[in-house]
Structures are given as C-alpha cells and as structure tokens.
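Note sheet for the following structure.
Read-outs: derived from the displayed coordinates by stated rules, not from any lab. On a predicted model such as this, the values are computed, not experimentally measured, just so you know. Every residue, glycine as well, gets a Cβ built from its backbone with ideal geometry; the counts of neighbours run over all protein chains shown.
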Amino acid sequence: MKALKLNSRSPEWTQLLGGYLGQLAQKNDVFLLVGELGTGKTCLVQGIARGLGVKEYAFSPSFVLLREYHGRLPLYHIDFYRLDYIKEIADLGLEEYFYGDGVCAIEWAEKGLQLIPEDHLLVTIHYVPASHTERLISLKPQGKRYHELIEQLIRRANYGPEYETPNLAEIQKSKAKNQR
Ligand SMILES: Nc1ncnc2c1ncn2[C@@H]1O[C@H](COP(=O)(O)OP(=O)(O)O)[C@@H](O)[C@H]1O
Ligand SMILES: [Mg+2]
C-alpha cells in the first residue's frame, strides 16, 4: 500500500483520527509525526492519548523531550524539536521506549530517523494553502503491522473515497474553482 491520504478540516477531525489510532494501538507501536510547526502533530497526539484512554491532557513536550501518559497502554510522547545533533538523540537511549511496553509518538521524527525502528507508521501533515483549518494528512505504513493497522483504521473510521485526497494540486484546483 502507498500512503493513506486524508483531508482534515478541523483540529477536532485530526483528534478524531488520533483517537482511532489510539484505540487500535498495540504495545511497541511507533508513530512518527512529521510536519512544520503548527500543522497539528501535538493535536494528533492528543487524540492518540484520548483513544488510549489517557485522562490527562497531552500538550506539546517541546521543552521536555519525553512525556509519559498512562492509559490502556503507556504513551511515550517524544519531541525532537530542540535537538540538532543525532548524537543528542542517540544519548536519550530511546530503545527502552521503542521496544518497551507502550506506544511511542514522536514529533519531528525526521531528525532522528537513523535511530528509529524500521517498522513504523509515518504520519506527515501539510498545511493547505489559504486555509487555517485544513490539513493534508498522509499515513504511510512501513512493515506488516502498520499495513494491518491502516486496513483496520479505514474500516473502523469508515474512511471512504470522499476522504481520500489524491494530492495537494487537486485541493488547490477545487479551491480555485470554488473561489470563482
Ligand atoms: N485540521 C487541523 N488539524 C490540526 N490542527 C489544526 C487544524 N486546523 C487548525 N489547527 C490548529 O493548528 C494548531 C496545531 O498546533 P500543534 O498541534 O501544537 O502543532 P505542532 O505540534 O505540529 O506544532 C492548533 O492551534 C490547532 O487548533
Ligand atoms: Mg508540537
């Protein structure tokens, strides 16, 4: 499977998607979150936390490298935002979390790709030009577990073709049409 592409129309929609991921998550799952500042990575993690039954409010751990939440499974919310060197990330000793008893959600994961398990779900969030509340979210599974997860997600969330947005160009085209 290539990536599942979804068009989020609001923060709530993004959290709902996170909620499904949290419900479907299993021990040792690794979710990588990539996207510019303010695209909604933390927003998605809030949904994942909720889906895992975490009662506390998840907020951006940008100034803390790792925050742990307790739900059906532990959630390790990791943020590489302030890290510039791969060595700084290596020194964190994250293997303990990747191969531990919980679920890892990692913001700015692209900074530490070399250290991240080969099998993972890569979630990339893009701004949609000229919109404050829309985001293009792509979920790319790497490895058997995550292909299955995507299949389950599509069934659970009932993501039909109306949610699939082939590419950014098409969104722009339909926008231009609406504005005319
Ligand atoms: N469709 C959307 N999905 C997620 N966040 C959105 C969306 N539309 C607007 N937002 C807003 O964008 C911001 C995202 O912030 P945050 O999740 O902290 O981003 P990041 O962690 O990627 O820097 C929030 O203020 C949120 O309300
Ligand atoms: Mg964030």
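Observations, loosely collected:
- The distance between label points at residue 84 and residue 2 comes to 3.8 nm (points 7 Å beyond Cα on the Cα→Cβ vector).
- Taking chymotrypsin sites (Phe, Trp or Tyr not before Pro) in DSSP loop states with no more than 10 other Cβ atoms inside 10 Å as exposed sites, the chain has its longest site-free stretch at 86-180.
- Distance between the modelled labels on residue 9 and residue 156, one decimal in nanometres: 2.3 nm (7 Å Cα→Cβ projection).
- The stretch between residue 27 and residue 127 holds 32.9 nm of extra length on full extension. This uses 0.36 nm per residue minus the Cα-Cα distance.
- Inter-part distance where the range 24-97 and the range 120-155 are each reduced to a Cα centre, Å: 16
- Put a dot 7 Å past the Cα of residue 118, heading toward its Cβ, do the same for residue 55, and the two dots end up 4.2 nm apart.
- Across the range 4-179, C-alpha contacts under 8 Å between residues 6 or more apart give a mean separation that, scaled by the residue count, equals a relative contact order of 29 percent.
- For the range 4-179, the Kirkwood radius over C-alpha pairs fed into Stokes-Einstein at 20 °C and 1.002 mPa s yields D = 130 µm² per second.
- Spatially near lysine pairs across the chain, Cα under 25 Å, sequence gap of 8 or more or different chains: 29
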